[in-house]
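Participant: Right, I'll just put the structure down here and ask away after.
The values are calculated or read from the model by the stated rules, or taken from the named source; none is laboratory data. Because the structure is predicted, anything quoted here is derived from the model rather than measured. Because the Cβ atoms are built from the backbone with ideal geometry, glycine has one as well, and the counts that use them run over all protein chains shown.
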Amino acid sequence: MQLHFRVTSISKPDHSHPSTALLHRRSWQIAMIGLGTAATQLDTSVNIAFPAITRWFDLSIGDIQWVVICYVLTYASLLLALGRIGDAIGHALVFRIGLIWSTVALLLVGWSPSFGAMLFFRFLQGVGAALVLSCGIALVTSLYGEERRSRALGIYTMMFSVGLMLGPLVGGALTAAWDWSAVFLFRAPIAAAALFLLRGMPISARNQSADRFDILGAAALVFGLVMMLLAINRVREFSAVWFALLSAAGFAGFIFRESRAARPIIAFGVLRQPGFALLNLVSVLANLAAFSVWMLVPYFLARVPGYTLTESGIILATAAVGTVLAAPIGGRISGQYISPERLAIAGAAAIGGGLLLVSTWTEQTPTILRIAGLVVQGSGLGLFQLAYSDIVTEILPARDRGVAGSLVLLTRTFGTVTAASITLLIFGILSTNDGFFGGFQRTFQLAAALAFAAAGLLAFSSRQKR
């Protein structure tokens, strides 16, 4: 079954000699796109409210994982499908719908009368996040044009990381002042403000008269992704086997359908390009290694005497500070002074170097050295994510820019979800024999080795293509 969309053709803006006023308008629109994206990335504020949510609904600690699962599973599984819809009917339209949807969903979550209702509203919030995130990169690159794509992606990656950085800091203060619901309610005005301030952006920035969306292929893809993420989440249980089999069946149906679709969600021919499939695997590995910081460092800091909760949050946030600082720099040098492929290799290696520094932490390590390890790791992540986004958006056709942006976020999400399960599993095994600090150090040694392996795979692939 095919759904047909028709969009009005709008001529592309001339990017060759933009006026000062046009540059200011584009910068403002990019800032507002970043503001709308921040409403989703500030979800890191929810983590610090977990204890308050647990007390409010009288939950066990194990139940709190569903607050994350309902949200992450939803937006991760919908990204590629919604990216294709954005390519069909206009990225700005999908982005705006996402901001409206997110505003309503955040208000509903904040006013949840029961835990069951909260989980359903988190599912709705995930739909809104997928609508917003699936078209963010496409909008930013369309505003600056192909010749400034790397710089635009650097700015977007920086704004993307600002939300991650501010989430724990803002969430702690809001939870202390107004309890858990505040970490949801404060983001509704942010999404609404971005929607209002983007009112001058054209509905469609693409010059296309018609397109089609394969709904059956999208359904198979969503099913396969949901089952895969559940298998990763349940990796320590036997049920993971069944989820993996269901995921394989979903992906098989997706491949069968897309091989026959007139307008597939993602053309499989691109996967046969030298190094492209490996590049996406490396992105998962790099994000898996990097996200170990957010899983284990909070527990380390809580065991070190002398740090308040606020101070621990500030130290943890420096990992995101590195990303915020490095991404725009990478955007300026990528393609001009260094190829995106080499920048990605350098970024993955820097992630490994930072994690190796973290693995040396003891109770006596000076705070400045702890911050240094986190900043190096975060800087590497910023460079890698920028370079990876640049490569993917260059390889995929401009008409598939929504799919390209969604693919970037999907591999990032796979990495973080895998880290949430694998990192804690490995740490639990290692800490049984070596104690907390010994297990912490060895876990981060393995994470560093994984990041270095990702850099090595990229370097090998780069040599093979020459």
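Participant: Scan segment 238-270 residue by residue and report those that are modelled with pLDDT under 80, assigned to a loop (DSSP other than H, G, I, E, B) and more than 23 Å from the chain's Cα centre (by Cα).
Facilitator: Answer for segment 238-270, where residues must be modelled with pLDDT under 80, assigned to a loop (DSSP other than H, G, I, E, B) and more than 23 Å from the chain's Cα centre (by Cα): Ser259, Arg260, Ala261, Ala262, Arg263, Pro264.
Participant: Does any residue of segment 341-357 turn out to be more than 24 Å from the chain's Cα centre (by Cα), surrounded by fewer than 18 Cβ atoms within 10 Å (Cβ to Cβ) and in a helix (DSSP H, G or I)?
Facilitator: The answer is no; no qualifying residue exists.
Participant: Could you identify the single residue in Arg151, Arg122 that is within 27 Å of Ser27 (Cα to Cα) and either assigned to a helix (DSSP H, G or I) or not hydrophobic (A, V, I, L, M, F, W, C) (or both)? Don't jump to the end; show me each part of the working.
Facilitator: Details: Arg122 fails: within 27 Å of Ser27 (Cα to Cα).
Matching residue, one of Arg151, Arg122: Arg151.
Participant: Shifting gears a bit: For Ser283, are the conditions met, namely being surrounded by fewer than 24 Cβ atoms within 10 Å (Cβ to Cβ), hydroxyl-bearing (Ser, Thr, Tyr) and at pLDDT 85 or above? I'd like the intermediate steps shown before the answer.
Facilitator: Working: surrounded by fewer than 24 Cβ atoms within 10 Å (Cβ to Cβ): no; hydroxyl-bearing (Ser, Thr, Tyr): yes; at pLDDT 85 or above: yes.
Answer is no for this residue.
Participant: Now a separate question. Of the numbered conditions (1) at pLDDT 80 or above; (2) of a type in the set (Phe, Trp, Tyr); (3) surrounded by fewer than 22 Cβ atoms within 10 Å (Cβ to Cβ); (4) in contact with a helix residue (DSSP H, G or I) (Cβ under 8 Å, 6 or more places away or on another chain), Phe213 satisfies every one except a single condition; which is it?
Facilitator: (1)
Participant: For segment 351-376, give me the residue count where each residue is out of contact with any Ser or Thr (no Cβ under 6 Å at 6 or more places or on another chain), without any contact (Cβ under 8 Å) to a residue 60 or more places away in the chain and aliphatic (A, V, I, L, M).
Facilitator: The qualifying residues number 5.
Participant: Does Ser379 fit the bill of being within 26 Å of Ser150 (Cα to Cα), in contact (Cβ under 8 Å) with a residue 12 or more places away in the chain, in contact with a Pro (Cβ under 7 Å, 6 or more places away or on another chain) and among the small types (Gly, Ala, Ser)?
Facilitator: Numbers: within 26 Å of Ser150 (Cα to Cα): yes; in contact (Cβ under 8 Å) with a residue 12 or more places away in the chain: yes; in contact with a Pro (Cβ under 7 Å, 6 or more places away or on another chain): no; among the small types (Gly, Ala, Ser): yes.
Judged against the criteria, Ser379 is not a match.
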